[in-house]
Structures are given as structure tokens and as C-alpha cells.
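For reference, the structure is listed below as C-alpha cells.
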Amino acid sequence: MKLTYILIIAVVIVLWIIAIYNSFVRLVTRTSEAWADIDVQLKRRYDLIPNLIESVKGYVTHERTTLEKVTEARTKAMGAQTVAEHAAAENMLTGALKSLFAVSESYPDLKASQNFVELQRELSDTENKIQAARRFYNTNVRDLNIKVDTFPSNLIANMFKFAKREFFELEEGAEAKEPVKVSF
């Protein structure tokens, strides 16, 4: 009789460990999937930027520094490895793009260019998709981090080396509330 109770308790503990382990696997997989969504949108953004620069080049001949900053920021963003590096590089790229769009305001012919207008629209759409993907990622990171920190699931997390992930935070400070300015 005692052996039966011990066996039942052991089976319940093993099933509990399996359930918690599987929930960690699901959260890690969702977080990885969410990062992949961000990565796809960032690549789309990186692909749009050379076209944008080419369409601007002919109009803003005196703004070489601005174009170089955008190109440099894109290169750094593409080379980022960690979530924190991506966030810093994306903030720099967003600032460079804001400067580019501010400069474009001074060139009416550029603002009237169909190619430029279409690229602005696509970039704006991509920015919105990046924000949605970032929210999805950060939600999954939050859920994973809570599970890693809370008892008793933290016992399983430590046992199987599940770790917290970094949030993907963009633009800290007062300017964070403002999206990339795209005007037609």
C-alpha cells in the first residue's frame, strides 16, 4: 500500500516536471518565432533603404552626409548580433531616416517623385510591421521571463538551463513616442 502511494507521488512529480518542461519549450519556441518575424521585417527595411537612397541621390546633391549616415546605420544594423545590439542599431537607423526625410522636405521635386512616395509608403508600412512584431516578441519574452523567475517553475528552469531573454526596446526617451516621420 505504501509503495503504491510512493509510486503515485513519483508519477505525479514526473508528469509535473514534464508539463513544466514542455511549457518552457513552447515559450522558447514562440520567442524564437517572434524574433524571426522581427528579423524578416528588419531585412525588408534594409532592402528598401538602398532604393530610397538611390531615389534621393539625384535630388539632394548637397546632403551627402545625411545619405552616408543612413548607409552607415543600415550597415551597423545588418551586422548586429544580439537583441541589445539590434535595438541600438535600429535606433540609430531610425534617427538617420528621420534626418533623411526632414532633408527631403526641402526638395519639392523629390517629394513629388512617384518612386520616392512609393518607397516612403512601403517604409512606413514596414515600420508598422516591425512595431507589431516587436510587441509580439516582447510579450513572449515577458511570459518566458515570468516563468523563469516564478516558483516552482524556476526550479525546472534552473534544472534544464532555461534562461531569461532580453526585450527588444526601441528608442528610449521622449522621442520614443514618435514614429518615423513619413510625409507626402
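Every read-out reported here was derived from the displayed coordinates using simple, explicitly stated rules and does not represent laboratory data. Keep in mind that what you see is a predicted model, and the values were worked out from it rather than measured. With ideal geometry, Cβ positions are generated from the backbone for all residues, glycine too; neighbour counts draw on all protein chains shown.
Remark: the range 1-87 carries a charge dipole of roughly 240 debye about the Cα centre, counting +1 on each Lys and Arg Cβ and -1 on each Asp and Glu Cβ. One decimal place: the segment ALA163-GLU54 gains 34.9 nm when fully extended, by the rule 0.36 nm per residue minus the C-alpha distance. Classify the range 72-144 from the C-alpha gyration tensor, please: rounded if a/c falls under 1.5, else prolate or oblate depending on whether a/b exceeds b/c. It is prolate, given that a/c is not under 1.5 and a/b is the larger ratio. Packing order of peptides 95-104, 28-37, 8-17, 152-161, highest average first: 95-104, 28-37, 152-161, 8-17 (average count of other Cβ atoms within 10 Å over each peptide's residues).
Dipole size in debye (nearest 20) for the chain around its Cα centre, Lys and Arg Cβ +1, Asp and Glu Cβ -1? Walk me through the numbers before you get to the answer.
Numbers: 24 positive and 24 negative charges, 162 e Å.
Here the size comes out at about 780 debye.
Among the listed pairs LYS43/LYS147; LYS69/LYS129; LYS98/LYS164; LYS76/LYS164; LYS76/LYS161; LYS43/LYS161, a Cα-Cα separation exceeding 28 Å is found for LYS43/LYS147; LYS98/LYS164; LYS76/LYS161; LYS43/LYS161.
Rounded to the nearest 500 deg cm²/dmol, what is the calculated helix-only ellipticity per residue at 222 nm for the chain, with -39500 (n - 2.57) per DSSP H run of length n ≥ 4? Could you put the intermediate results ahead of the total?
Details: 6 runs with 142 residues, N = 184.
Per the formula, -27000 deg cm²/dmol.
Work out the charge dipole of the range 2-177 with +1 on the Cβ of Lys and Arg and -1 on the Cβ of Asp and Glu about the Cα centre, then indicate which of LEU110, SER32, ASN154 is farthest towards its positive end. In the range 2-177, that residue is ASN154. Residue-wise HN-Hα couplings along the range 9-17, as the Karplus relation 6.51 cos²θ - 1.76 cosθ + 1.60 with θ = phi - 60° gives them from phi, are 4, 4, 5, 4, 5, 4, 5, 5, 4 Hz; Gly and Pro carry x. Give the angle, between 0 and 90 degrees and rounded to the nearest 10, that separates the Cα long axis of helix 114-149 from the longest principal axis of the Cα atoms of the chain. The angle comes out near 20 degrees. Listed from fewest to most Cβ neighbours within 10 Å, the set VAL56, VAL25, VAL148 follows the order VAL25, VAL148, VAL56. Only one residue of ALA132, ALA163, SER23 has its Cα farthest out toward the positive end of the dipole of the chain, where Lys and Arg carry +1 and Asp and Glu -1 on Cβ, and that residue is SER23.
Could you list ASP109, ASP143 so that the one with the fewest beta carbons within 10 Å of its beta carbon is first and the one with the most is last? It would help to have the intermediate numbers written out before the result.
On the way: ASP109 9, ASP143 15.
Ascending number of Cβ neighbours within 10 Å: ASP109, ASP143.
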